[in-house]
Amino acid sequence: MSKESTSPFDVAVIGAGPAGLAAAVAAAERGARVVVLDAATQPGGQFWRHRPESVEPDPEGHGHHGWKTYLDLRSRFDAAISTGVLHYLPNTQVWMIEREDAGRFVLRLTPATGTTIEVPTVRADKLVSCAGGYDRQLPLPGWELPGVMAAGGIQAFIKANGTLPGKRFVVAGTGPFLLPVAANIAAAGGKVVAVCESSSLTNWLPHMGAASGVPGKALEGAEYAAIFAKHRIRYRTRTVVTKVVGDSSATAVQIAKVDASGAIIPGSERLLEDVDIVGFGWGFTPQIELAVSLGAETRIDADGSLVCVADEKQSSTVPGLFLAGEVTGVGGAVLAVAEGYVAGASAANGEQPKTSTARQIQRHRRFASAMHQAHPVPEKWDELLTDDTLICRCEEVSHAQVTEARDVLGATDARTMKSFTRTGMGWCQGKVCGYAVSCLSAKGTTDENAQHASLTSVAKRPVATPLTLGEISTLDSREPHNL
Amino acid sequence: MSNPPQRITVNLNATPVQAEAGQSVGAVLMGQGIKAWRTTRNEGKPRGLFCGIGACYDCLITIDGEPNQRACMVQASDSMNIEGDFSA
Amino acid sequence: MNAPSDVIVIGAGVIGSAIAFFASQQGLSVTVLERGLPASGTSSACEGNILVSDKELGAELELTKFSLDTWRGDLAEHAGHWEFESKGGIIVASKESSLASLDRLTRAQGEYGIDVERVDIPRLREFEPHISPDALGAAWYPDDCQVQPMLVAGHLLNLARKNGAKVQVNTRVTGFVRHGETVTGVTTDRGEFHAPAVVNAAGSWSEHIAALAGVNVPVKPRKGFVMVTEPLPPMVHHKVYAAEYVDNVGSSDAGLQSSPVVEGTPAGSILIGSSRERVGFDRSVNTEALRQMATNAIALFPFLEKTRIIRHYHGFRPYCPDHLPVIGHDPRAPGLWHASGYEGAGIGLSAGTGKLMGQALAGLATDMSLAPFAPERFGEFTPNTMISQESAA
């Protein structure tokens with residue numbers, strides 16, 4: 001609530017996950033004065049989310065990958081804090097970024113939880129956005145029932161609380177991320193009734209890992225195969241959940257086999273009963289609204305997500321703005337750390353990445369691209385939708401309303417759909433429904449740029465996170481200049 | 001190296017409930033078997049945790065008198081007052 | 001080549017859509033050309049007001065009354081499509097000086113035939129229980145209404161389509177087809193379209209369209225922000241604004257002005273306005289505008305201090321220097337018609353404009369004279385007329 005400004009930093013880093021920690025450490029170790037802003041109460045991001053250190057001061061990292069990397073980054077992060085070069089602001093979200101005359105970034109902040117904590121305005125000459133992402137969702141009948149969660153939400157729940165949100169789980173969607181979610185559920189004592197993977201690949205990880213020169217992934221694949229065998233987890237490929245069943249909360253799911261286009265194979269439906277938590281993940285949506293608000297150029301990645309363009313120094317198309325991790329394309333934690341180091345170093349002193357680092361990043365990007373192609377969002381995912389299936393959870397907009405606005409009123413992009421039906425106008429501002437609304441609005445149009453334009457409109461969130469009018473009324477008004 | 005869990009007491013609609021320190025409000029509720037704690041504006045449908053990481057705002061709840069707090073983001077603390085529609 | 005029609009309407013905002021509907025009701029064949037999608041300009045970046053309370057006495061107020069009758073008459077059967085709501089407006093004075101202004105305003109409006117009622121503080125609290133304790137007096141306007149403007153445009157276009165109108169989206173007008181001086185069609189990035197009447201309903205971009213025909217219509221963008229709060233149970237029941245708002249609407253200052261306008265919506269969010277500044281088509285966020293709007297809104301409704309906003313948006317009102325819209329045939333470019341320059345009143349005036357333009361385009365006598373809005377009042381086009389660079393964008 002304060003309008004106090006801190007003295008300007010050399011580098012501000014948004015996010016304290018794998019990319020953000022690496023960027024912060026790289027910049028601080030090059031002598032830059034660094035500030036790190038993160039929504040969580042302790043470092044780690046979603047990937048290395050762990051129990052509160054007040055409760056468990058020295059977590060051993062069970063169920064985590066790359067925990068040694070985390071411990072290394074964390075000790076360097078803490079060292080930089082103790083020498084005063086790094087300033088860490090947890091429980092803080094950036095709601096808007098402006099630019100002052102000299103190009104300096106002005107970060108407007110708000111507490112992530114509570115409304116009474118005072119936060120400063122932060123100014124910095126360089127900015128590294130490592131904002132990460134969240135699970136991408138596709139609507140289906142029953143997905144609004146309590147007990148239905150994002151796959152990553154289940155993962156985060158287990159990592160942060162050490163408990164399970166339910167007893168009997170189905171994990172569904174596509175991509176290798178479903179595997180660690182199921183493994184963590186099983187390790188925490190939950191029953192995984194099934195993992196439903198819409199694409200057809202079986203045992204693909206070892207091959208793909210070797211083929212693309214990322215051997216670590218092959219090890220992970222073997223590890224999951226062993227865990228699945230041990231816990232008797234059924235990994236069903238070419239299978240989707242067609243609806244979630246339940247009255248006041250999820251109690252069962254109907255599953256079905258699909259063909260390569262995602263069309264349901266008639267007669268293959270069956271009910272999985274006695275399920276209390278259903279986790280869905282269709283890849284991830286990078287959080288790029290802040291970079292987009294600064295004018296960063298975007299592209300559609302191999303997974304269909306809108307991501308920001310970055311060069312070999314992790315520089316965006318906006319001078320002074322660097323990007324690392326999922327915001328440049330979903331690729332996992334190892335890639336995020338590598339990009340974070342490069343971004344932090346570039347932001348601190350403009351240095352060129354080492355050839356070996358550049359190669360490592362290229363390898364991982366190729367792997368990520370192969371992974372995305374092996375796990376596409378099924379082309380016919382929307383065939384599951386009934387008229388009354390909710391598309392926008394916040395504003396409770398049904399599929400019938402969306403279809404009518406598209407076909408009768410001409411809402412053929414997400415922006416117009418929002419105007420006509422309120423999709424994406426609620427609390428989450430289209431974070432959950434944005435991808436689906438873009439697909440549904442553009443359905444039937446031949447314009448190749450329609451999806452890019454739609455996803456761009458969805459990524460425009462001038463208020464990146466809600467804040468009180470009281471906070472806005474006490475903004476300092478130096479009239480900073482925007483791009 | 002886990003320490004024995006520290007117990008705290010939170011009030012769910014003024015009913016005291018034991019919980020573990022460091023858990024999110026959402027985890028405390030789910031631990032009590034409560035899966036929904038608000039109803040939607042238009043259709044009155046129950047909602048609880050969904051994205052679990054602060055993006056979706058489905059899990060909003062009143063905490064210590066402050067409405068519309070994200071249950072997945074707020075850590076429970078001793079004598080915290082949590083108010084919601086638990087019949088949802 | 002595209003088949004000729006009787007009327008081409010440039011712009012599928014609320015004005016263009018209303019004209020397309022009423023012209024097609026007159027039996028005219030209509031082609032609507034829209035550079036983006038329906039309602040993608042100012043129509044989707046406003047509050048959907050149909051206000052009588054903030055109008056200066058005179059021609060614009062006459063058009064407002066005519067338009068209100070059109071909303072409630074000709075368009076009544078479709079009102080459900082666009083969430084027409086007779087919510088009523090309240091002007092609140094919180095200073096002795098503004099109380100005096102409010103006295104003068106309401107007296108004059110009453111004499112003019114506007115339905116306005118002065119309300120004392122206890123009555124005001126019945127209307128708005130959460131109003132600031134600083135309020136000194138208020139006026140109640142039962143005729144102030146609201147619609148969802150995007151739905152107005154979308155459904156009027158759809159109704160026009162049912163009458164045979166064609167709607168061509170993603171089509172940008174690049175110039176005019178002339179036969180001698182006479183406008184006989186337009187060129188676009190999707191070919192030529194021909195009609196004996198071409199209507200410039202391009203809103204804040206209509207100066208640029210007029211310039212393509214060589215005529216001066218000095219409509220400038222006047223930017224405004226609106227903040228949208230978290231959805232709440234009903235806390236603000238009407239459109240509530242401060243007495244200073246009326247002064248700001250009527251001012252011509254290019255600098256930032258803000259005055260509080262607060263209203264609840266059926267969706268539970270509260271809309272908070274208003275700001276006005278003439279900065280071309282600059283889309284950057286003006287933090288100072290947001291700060292002033294937040295401060296003003298809290299002064300009107302103190303509970304808002306703890307209410308969160310979840311988004312804000314901005315739009316460009318089509319401002320006209322003499323604060324009157326530009327409606328009717330333009331003798332400087334025969335065949336060209338305009339319907340623009342409504343500033344913040346376009347939603348409210350769209351229905352009446354559509355009806356009158358439909359009559360005029362069909363060659364009928366109009367129910368009310370369009371003379372006060374004549375486009376030629378701006379004189380001949382002169383080369384040094386300022387056209388903002390961005391208006392071509």
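No lab work stands behind these numbers, since they all come straight from the coordinates. Predicted model, so just to flag it, every value in this text is computed and none were measured. Every residue, glycine as well, gets a Cβ built from its backbone with ideal geometry; the counts of neighbours run over all protein chains shown.
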Task: Kirkwood Rh and Cα Rg combined as Rg/Rh, the stretch A:381-446 - done: 0.92
Open item on the list: Restricting to Cα pairs below 8 Å that are 6+ residues apart, what does the relative contact order work out to for chain B? Please round to a whole percent.
Closed with: 35 percent
- [ ] Counting helices only, and only those DSSP H runs with n ≥ 4, report the 222 nm mean residue ellipticity of the protein assembly as shown as the sum of -39,500 (n - 2.57) divided by its residues, in deg cm²/dmol to the nearest 500.
- [x] -8500 deg cm²/dmol
Open item on the list: Quick query: amide H of C:Val183 versus all other amide H atoms, modeled in the peptide plane; which residues come in under 5 Å with a sequence gap of 5 or more or a different chain?
Closed with: C:Gly335, C:Leu336
Open item on the list: I'd like the orientation of helix C:59-72 relative to chain C: the angle between its Cα long axis and the longest Cα principal axis, in ° from 0 to 90, rounded to 10.
Closed with: 90 degrees
Task: Spin-label model distance (nm) - A:Arg232 vs C:Ser252, 7 Å beyond Cα toward Cβ - done: 8.5 nm
Open item on the list: Given axes a ≥ b ≥ c from the Cα gyration tensor, I'd like to know whether the stretch A:1-150 is rounded (a/c under 1.5), prolate (a/b larger than b/c) or oblate.
Closed with: oblate
TODO: Please determine, in degrees from 0 to 90 and to the nearest 10, the orientation of helix A:178-187 with respect to the longest principal axis defined by the Cα atoms of chain A, where the helix direction is its Cα long axis.
DONE: 90 degrees
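Over the Cα atoms of chain A, Rg to Rh with Kirkwood Rh, two decimal places?
0.96
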Open item on the list: Can you tell me, using C-alpha contacts under 8 Å and at least 6 residues apart, the relative contact order of chain C as a whole percent?
Closed with: 25 percent
- [ ] Any chance you could list P(r) for the stretch A:137-282, counting all Cα-Cα pairs in 10 angstrom bins from zero, rounded to whole %?
- [x] 12, 42, 35, 10, 1
TODO: Output the relative contact order of the stretch A:381-446, whole-number percent, from Cα pairs under 8 angstrom with separation of 6+ residues.
DONE: 33 percent
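Does chain C come out rounded, prolate or oblate by the C-alpha gyration tensor, with a ≥ b ≥ c the root eigenvalues, rounded set by a/c under 1.5 and, if not, prolate when a/b is larger than b/c and oblate if not? Kindly include the intermediate steps, with their values, before the conclusion.
Numbers: a/c = 1.84, a/b = 1.73, b/c = 1.06.
Prolate is the answer for chain C, as a/c is 1.5 or above and a/b outweighs b/c.
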TODO: Beyond 23 Å between alpha-carbons counts as too far, so tell me which of B:Lys45/C:Lys239; A:Lys159/A:Lys354; C:Lys166/C:Lys355; C:Lys55/C:Lys87; A:Lys460/C:Lys55 fall in that bin.
DONE: B:Lys45/C:Lys239; A:Lys159/A:Lys354; A:Lys460/C:Lys55
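Please sort A:13-23, A:238-248 by packing, taking for each peptide the average over its residues of neighbouring beta carbons within 10 angstrom, highest first. Don't skip to the end; give the middle numbers.
Working: A:13-23: 31.7, A:238-248: 19.8.
Ranking, from highest mean packing down: A:13-23, A:238-248.
Peptide C:310-317: average number of partner chain Cβ atoms within 10 Å per residue?
Values: counts 12, 11, 4, 3, 1, 0, 0, 0.
Partner-chain Cβ atoms within 10 Å, mean over residues of C:310-317: 4.
About its Cα centre, how strong a charge dipole does the protein assembly as shown have in debye, to the nearest 20, once Lys and Arg get +1 and Asp and Glu get -1 at the Cβ? Numbers along the way, then the final one.
Details: 84 positive and 101 negative charges, 536 e Å.
The calculated dipole for the protein assembly as shown is roughly 2580 debye.
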Task: Inter-part distance where the stretch A:213-287 and the stretch C:180-220 are each reduced to a Cα centre, Å - done: 57 Å
- [ ] Please list, in chain and number order, the residues 5+ apart from A:Val258 or on another chain whose amide H is under 5 Å from its amide H, with Hs placed from the backbone.
- [x] A:Thr239, A:Val240, A:Ile265
Open item on the list: Let me check the size of the stretch B:7-83 from its C-alpha atoms; what are the radius of gyration and Dmax in Å?
Closed with: 11.6, 38
Open item on the list: Need the C-alpha centroid separation for the stretch C:68-108 versus the stretch B:45-72, integer Å.
Closed with: 37 Å
Task: Gyration tensor (alpha-carbon) shape descriptor, the stretch A:124-163, a/c threshold 1.5 - done: oblate
Task: With Cα atoms, 0 to 90° folded angle of helix A:333-349 axis to chain A main axis - done: 20 degrees
TODO: Would you tell me the mean number of C-beta atoms belonging to other protein chains that fall within 10 Å of each C-beta in A:457-470, as a whole number?
DONE: 6
Open item on the list: Skipping prolines and chain starts, which residues have an amide H placed within reach, meaning under 5 Å, of the one on A:Val148, given they are 5 or more residues away or on another chain?
Closed with: A:Ala250, A:Val278
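Please give the peptides A:320-327, C:256-263, A:135-142 ranked by average Cβ packing (other Cβ atoms within 10 Å per residue), highest first, as a rough proxy for protection.
On the way: A:320-327: 30.4, C:256-263: 23.5, A:135-142: 25.0.
My ranking of the peptides, most packed first, is A:320-327, A:135-142, C:256-263.
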Task: Sequence ranges A:360-367, C:350-357, A:409-416, C:63-70, ranked by mean other-Cβ count within 10 angstrom, highest first - done: C:350-357, A:409-416, C:63-70, A:360-367
- [ ] Work out the mean other chain Cβ neighbour count within 10 Å for the residues of A:385-394 and drop it here as an integer.
- [x] 2
